[in-house]
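Please read the structure below before turning to the comments.
The values are calculated or read from the model by the stated rules, or taken from the named source; none is laboratory data. Owing to the predicted nature of the structure, the values given are computational and were not obtained by experimental measurement. Counting neighbours? That spans all protein chains shown, and the Cβs are built from the backbone with ideal geometry, glycine included. Keep in mind that these areas ignore ligands, DNA and RNA; they rest on the heavy atoms of the full protein, side chains included. Shrake-Rupley method; radii C 1.70, N 1.55, O 1.52, S 1.80 Å.
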Amino acid sequence: MEATIIAVLVFVVILLVTSVRVVRQGHVYTIERLGRFTNAAHPGMHLIVPLVDRVGHKINMMEQVLDIPGQEIITKDNAMVGVDAVVFFQVLDAGKAAYEVSGLHNAIMALTTTNLRTVMGSMDLDETLSQRDDINARLLSVVDHATSPWGVKITRVEIKDIRPPVDISEAMARQMKAERLKRAEILEAEGDRASAILRAEGQKQSRILEAEGRRESAFRDAEARERQAQAEAEATRVVSDAIATSGTQALNYFVAQKYVEAVGDFATSPNAKTILFPVEATQLIGTLGGIGELVRDAVGSGSGNVQAGVPPQTPQPPQRPYTGSGVPRSG
């Protein structure tokens, strides 16, 4: 009797243990009752009916990364390239992921590989190398649409590496070098052209400024000559008026004044050690005497001492003494 009781207790304990299921965080268990999917157990503790319910699949609900192995793909221009890719996906519906597709990871890998060949096979080699974002976007759209009945969300599809053939790589390297040399020569030519244009503009501005300077200088010179001519005309008019008023006295005065200034310039010359007068020095004395007579006549006529109508006497220069050698002796 005791053995029966112990056996029943052991059986009850086993049933209790088998009826309790603990689901870990980030996972969902599918519960099957007599082989049919009935419920999805989320993280936590769950009670199931022993011998009737059982755990069918343990689905990982976290975002997962699936590495696509390298593929040899022929592009539109018949170039063979090697491609590696990765797929990021997340299960949204555990029931569909468990029962709508067999082997979820293999299915996603096969679907991504075939669409990768389709997308890159419709593009040229240059497009496959320069338009990775376009390839990723097209793959993401196609694969996500195909896996939506499986309860899976494709979050990202990324091309890791594109490996063109060695000979094409070398040709591309030479092409890149030639392109860079071309750009360098173009930039150098543009620099030379800009420099020549700037130099021409500078010379043009210099000539314009020089011409404007010459024009301004000519205008100033003409204005100066005009004013000088006006001054000379005014001086001539004043002299003419003085001669007309005073007769020969004013004329003698102006001649004597110019004579004295000329002699003074000869005397003050810094480079002349010997002074050669164009006329005898004694004539200067006579001229000075004439100036004195002019002054006395002018003063006398002002004071009434000179008789009206008597012309002033012009002083005569003294005669040159003759030395007998043919050279006049200075006084």
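Go through (1) at pLDDT 90 or above; (2) part of a helix (DSSP H, G or I); (3) not aliphatic (A, V, I, L, M) for Phe11 and report which single condition fails.
Only one criterion in (1) at pLDDT 90 or above; (2) part of a helix (DSSP H, G or I); (3) not aliphatic (A, V, I, L, M) is unmet by Phe11, namely (1).
What number of residues within the range 108-126 are within 16 Å of Phe88 (Cβ to Cβ) and more than 49 Å from the chain's Cα centre (by Cα)?
The total comes to 3.
Could you identify the single residue in Ile73, Ile59 that is modelled with pLDDT under 90 and open to solvent by less than 60 Å² (accessible area, probe 1.4 Å)?
The match here is Ile73.
Quick check: is even one residue across the range 164-185 in contact with a strand residue (DSSP E or B) (Cβ under 6 Å, 6 or more places away or on another chain) and closer than 14 Å to Ala85 by Cα?
no
Please pick out the residue among Ala85, Ala94, Ala41, Ala107 that is open to solvent by less than 70 Å² (accessible area, probe 1.4 Å) and under 17 Å from Lys160 (Cα atoms).
It is Ala85.
Here is a list of conditions, (1) open to solvent by 70 Å² or more (accessible area, probe 1.4 Å); (2) more than 26 Å from Gln90 (Cα to Cα), and Arg24 meets all of them except one; can you say which number that is?
Result: Arg24 passes all but (2).
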